[in-house]
Amino acid sequence: MIVHLISSPRTISTALMYSFAQRSDMKVMDEPYYGVYLSNSNVIHPIRSKILDTMPHQQDLVTDLILQTAKSSSVFVKNIASHFLALDPSFCRDWCNVFLIREPAQIISSFDKVISNPKMSDLGIFQQRQLFDWLTETSDRRPTVIDSNDILDAPAQMLERLCKEIGISFESEMLHWNPGPKPFDGIWAPYWYRNTHLSSGFLPRVPKSITLSRRLHPLHKEADIHYNYLYSRSISNSDYASKV
């Protein structure tokens, strides 16, 4: 089984990867298509050259590695939606696809601290919506959507619901992990995973008011449209979950 997480950046995707790594039946892979994405774009990310020097640039090579790994174990693949700007999505049509979303103001506020002046293509929310619709139309397996904040508000309940939705048993070990870096972290971890490395589980969410600068308002307005579309189809949305 291949569980394919298609996430917006600056969600709890790393924490969810750590969670699935605690399972007795699962290997995890951290953004294996990152090199493919960077080699086909001009985006400036931390340690870009090092990532390009150490990761495959061909989509087929990465997919083959995942499929080989899946022959001996279930695999959790953490992927970022914006990477699909450089990917043919047909590789994941028959995988168990899970979309991890987050309220756009939170993503934009966090992302803007690392990558200045983020664009819609950086956020990945539009790519998530496009991929969700495409998979819904072309795959025999319905894609799953879950919201980051809902997981933080009720980790055990939401993880149990997610596991049931994708057809695996929930394991309580998924709720905790040891603090610190992990051997399966991408080499970019020191730049992006600092807070997650301090954690040993899903930290309770502390709601706070976010004020975005005026230059980011148009981005937020557009992103909200796609987020609300996906959230309305999320298993963490009680109105939708009761119908699936």
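All of the numbers you see were taken from the coordinates with simple rules; none came from a lab. Since this is a predicted model, take the numbers as computed values, not measurements. Quick reminder, even Gly has a Cβ in these numbers, built from the backbone with ideal geometry, and neighbours come from all protein chains shown.
The table that follows gives values for the structure above.
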| read-out | value |
| --- | --- |
| Sole residue being of a type in the set (A, V, I, L, M, F, W, C), closer than 21 Å to residue 149 by Cβ and either in contact with a His (Cβ under 8 Å, 6 or more places away or on another chain) or touching a residue at least 24 places away in the same chain (Cβ under 8 Å) (or both), chosen from 100, 65 | 100 |
| Top-ranked residue of the stretch 69-94 - restricted to ones that are of a type in the set (A, V, I, L, M) and free of Cβ contacts under 8 Å to residues at least 60 places away in the same chain, ranked as surrounded by the fewest Cβ atoms within 10 Å (Cβ to Cβ) | 85 |
| Residue 204 vs. criteria without any contact (Cβ under 8 Å) to a residue 24 or more places away in the chain, touching a helix residue (DSSP H, G or I) at 6+ places or on another chain (Cβ under 9 Å), surrounded by fewer than 17 Cβ atoms within 10 Å (Cβ to Cβ) and not in a helix (DSSP H, G or I) | no |
| Within the stretch 33-55, tally of residues that are within 16 Å of residue 83 (Cα to Cα), more than 18 Å from the chain's Cα centre (by Cα) and surrounded by fewer than 18 Cβ atoms within 10 Å (Cβ to Cβ) | 9 |
| Count - residues of the stretch 5-32 that are surrounded by fewer than 23 Cβ atoms within 10 Å (Cβ to Cβ) and farther than 20 Å from residue 202 by Cα | 2 |
| Test for residue 20: is it among the aromatic types (Phe, Trp, Tyr), in contact with a helix residue (DSSP H, G or I) (Cβ under 6 Å, 6 or more places away or on another chain) and in contact (Cβ under 8 Å) with a residue 60 or more places away in the chain | no |
